[in-house]
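The values are calculated or read from the model by the stated rules, or taken from the named source; none is laboratory data. Keep in mind the model is a prediction, meaning the values are calculated, not measured. Here Cβ is always computed from backbone atoms with ideal geometry, including for glycine, and neighbour counts include all displayed protein chains. For the accessible areas, the whole protein counts, side chains as well, though only heavy atoms, and no ligand, DNA or RNA atoms are used. Shrake-Rupley method; radii C 1.70, N 1.55, O 1.52, S 1.80 Å.
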Amino acid sequence: FIHKTGASLPAGGIPSSGQRHDRSRVTETDEPSRRHAADFSKAFIPGGRARTMDVVRFTQFGLLVCMGTVNLPAVTSLIDPRLDWNTPSEHDLRQVRWAMAAYHYMHNLRCDAVFFTTERECRTLVSIPRSTVHLYMTEPAERGSGGYLAVLPDGGLARAGRHDAVIALDPYPKASFGHLVLVFFLDRNVAQAKCASQSGVYLGDRECLTLSLKNRCRNALQRNLRRRNFARRCEINFLPKVRLVNDPEKKQQLRCLDHIDGFAPCPLQPEIVRFEIPRCELTENTRRCEKFRKGDGALRGFCRPWETCDRAVIVAGGWNPQIGRGQQRQVAVKSWYGMLRRYGFKRSSITTFYGSDGDIDLGESQAEAYPATHKLSMRNYIINTCRHPTCVETLVIYLNSPATNDNGMLLWDKDGDGQAAKSESYKVSEFLEDIEDCLARRVFVFVDQSYSGSFVDKLRLSRRHTNVAVFVSSKANEYSWNNEFTMRWVNASHTECIGRIHKFSRYWISSQVDMAEGAPGVTNTTIFGAPCDVIPPYTEHELKHGYMGCQTLPTAYWLLKWFGSSS
């Protein structure tokens, strides 16, 4: 059974299948350990029958398992009583056993020995109750299926060959992906000695559970121990794409399970994912998309002559329904859109890129969103908007997508292979390149996604973003939580300086918010560019007619700006 005592290992580390500890060590534990043992024993019940089995003690990846023989009671009580099952099947009991083994692995990590995440993160992890953890699992592989293969968007997995089942635990359902996810491989017909040699947990009946790790993580860690935030680079931050070897359609086989009692209820997600099929060659840009010819040139990024407007761009990817947190991201995008409309941004001046097909109800019948799969069109729109000398007074850009810890935003898995190609992710460096030397009077960027502090870090090193201010929901090594950042800005009074709103937002958000401005004073305005701290303050009528929405420029000023930029 798993416990937290500190009995020493025999010489040689992991004992072989023939080695035994003194079993008096097993009985001389404290009462909390006995409770852990009683709970843990419920996880290892092949067929639901009470029996005894040997468990192996080892200290790989921070796990501490004591060797001994324990009595194992039946586990039918762990099946959700809400289900109308007369007699749980062998299949059901097997899933319960695997799920409980995975959770107890996580719950009993030794944080002073863990290397695949930070020690601080580990201490948080082991204290998380099962009732807040989402459980994902595949069906046991059938004969002739070839087993399961698993891949990640941001890299490969060690020992990612064929396996009989894949299990994943999401300990932070309210955090934005990417965040730490524990992925396990389950293999059958594995001898106990071989399981131990692979640093696995032997479950009996020739079943072996092993923790999955990022490919070459240990070697990379040894080479880069001094690099900032490198422990995060070893984390698995996304649910993997798991497919059957012999499935030509490469369907996702990892499913959230609701029927095992004690785990958190599964999130809602759409049964069918629609894709906006590109009608142009986006990678080559040889002809226009028919989709983007509609809407009076909505993606060309130009204004009418003699006019300057406040404009906004919203980018919300998702990667796939499981990672996208569809309902949570939809609420964030709709709330942000509504806030912009309240403060004078015209409907035609807000361009939204959302999900796989742009299908989102923004609360207005004429409001249209575009799919986040069209990366090239998205980038061209931002670039063209920034290049026009008189088009934009204030440009507001809102980013909310799953993020990798190496400065990337995941848009959508268009080809369904589970791995992020260049056209399926948007790098921080690419985004900053798109807005450098922007001709808008001011550019405000709001980023509500994990690891968003990387935007701030890079902006502080740039000399080509003097009119840009970036506000982020977390540090470069932190997760973003539950739309807190978005809702704080949505509910703020935007007749105040945005610098002041940021200053007080830190008291309302779980993660550490941060900001950077390309030059001093960029944030001394409202979100729509009006001066703040004016005494007496502007009236609502003065703000609406003098600063919100679109303004007509004097002819001389317009010509000066136009020819000045041309030269």
Of Met100, Thr117, Ser145, which is farthest towards the positive pole of the stretch 98-159's charge dipole, taken about the Cα centre with +1 and -1 on the beta-carbons of Lys, Arg and Asp, Glu respectively?
Met100
Give the long-range amide H neighbours of Leu553: residues separated by 5 or more places, or on another chain, with amide H under 5 Å away, using H modelled in the peptide plane at 1.01 Å from N.
Glu307, Thr308
Full-stretch length increase - Gln512, Thr552 - with 0.36 nm per residue and alpha-carbon distance subtracted:
10.4 nm
Accessible surface of the stretch 447-567, 1.4 Å probe, proportion on carbon and sulfur as whole %:
54 percent
Over the stretch 137-182, with every protein chain in place, what whole percent of the accessible area is carbon and sulfur at 1.4 Å, could you tell me?
48 percent
Kindly write out, for the stretch 329-342 in residue order, the coupling ³J(HN,Hα) from the Karplus curve 6.51 cos²θ - 1.76 cosθ + 1.60 (θ = phi - 60°), rounded to whole Hz, with x marking Gly and Pro.
6, 5, 4, 4, 5, 5, 5, 5, 4, x, 5, 4, 5, 5
Mind jotting down the distance between the C-alpha centroids of the stretch 387-422 and the stretch 452-473, whole Å?
15 Å
Rounded to the nearest 5, what is the percent of antiparallel bridges among the DSSP beta bridges in the stretch 298-414?
10 percent
Starting from the 7 Å offset along Cα-to-Cβ, what nm value, one decimal, do you get for the label separation of Glu496 and Thr132?
2.9 nm
Sorted by chain and number, the residues with a modelled amide H under 5 Å from that of Leu157, at a separation of 5 or more or across chains, are Leu152, Asn215
Just how far, in whole angstrom, is the stretch 117-146 from the stretch 487-518 if you go by their alpha carbon centroids?
34 Å
Computed for the stretch 439-507: size of charge dipole around the Cα centre, +1 on C-beta of each Lys and Arg, -1 on C-beta of each Asp and Glu, debye to nearest 20, value 400 debye
Using θ = phi - 60° and the Karplus form 6.51 cos²θ - 1.76 cosθ + 1.60, what ³J(HN,Hα) does each residue of the stretch 170-186 get, whole Hz, x for Gly and Pro?
9, x, 10, x, 8, 8, 7, 5, x, 8, 4, 10, 9, 10, 10, 10, 10
By the mean-Cβ-within-10 Å protection proxy, highest first, 466-475, 120-129 rank as 466-475, 120-129
Pull out a ≥ b ≥ c, the square roots of the eigenvalues of the alpha-carbon gyration tensor of the stretch 424-561, then state rounded if a/c is under 1.5, prolate if not and a/b is larger than b/c, and oblate in the remaining case.
oblate
Under 16 Å from the 7 Å Cα→Cβ point of Gln269, by amide nitrogen: which residues of the stretch 116-144?
133-139
In vacuo Debye sum over C-alpha of the stretch 321-480, base-10 log of normalised intensity I(q)/I(0) at q = 0.12 Å⁻¹, listed in q order, is -0.52
Give the shape of the stretch 344-413 as rounded, prolate or oblate, defined through the alpha-carbon gyration tensor: a ≥ b ≥ c are the square roots of its eigenvalues, a/c under 1.5 means rounded, and otherwise the shape is prolate if a/b is larger than b/c and oblate if not.
oblate
Among Lys251/Lys422; Lys250/Lys414; Lys214/Lys241; Lys214/Lys422; Lys346/Lys458; Lys174/Lys241, which pairs are too far apart, with a Cα-Cα distance over 24 Å?
Lys346/Lys458
Please figure out what share of the DSSP beta bridges in the stretch 365-500 is antiparallel and state it in percent, rounded to the nearest 5.
30 percent
Which value, in Å², gives the accessible area per residue of the stretch 424-567 when a 1.4 Å probe is used on the protein heavy atoms?
49 Å²
Nitroxide proxy distance, nm - points 7 Å out along Cα→Cβ at Glu142 and Thr124
4.2 nm
Per-residue HN-Hα couplings for the stretch 252-261, Karplus 6.51 cos²θ - 1.76 cosθ + 1.60 at θ = phi - 60°, whole Hz, x for Gly and Pro?
5, 9, 7, 10, 6, 10, 9, 8, 9, 5
Label-point separation in nm, Gln366 to Ile535, each point 7 Å along Cα→Cβ:
4.3 nm
Cut-off under 5 Å, modelled amide H: who pairs with Ser425 long-range
Leu411
Where in the stretch 386-420 does the amide nitrogen come within less than 12 Å of the point 7 Å from the Cα of Thr466, taken along Cα to Cβ?
none
When the dipole is taken about the Cα centre of the stretch 436-567, and only Lys, Arg (+1) and Asp, Glu (-1) are charged at their Cβ, what size is it in debye, to the nearest 20?
240 debye
Can you give the accessible area of Glu90, probe radius 1.4 Å, in Å² rounded to 10?
90 Å²
So if each residue of separation counts as 0.36 nm, and I subtract the Cα-Cα distance between Arg387 and Glu90, what length gain in nm does that give?
100.5 nm
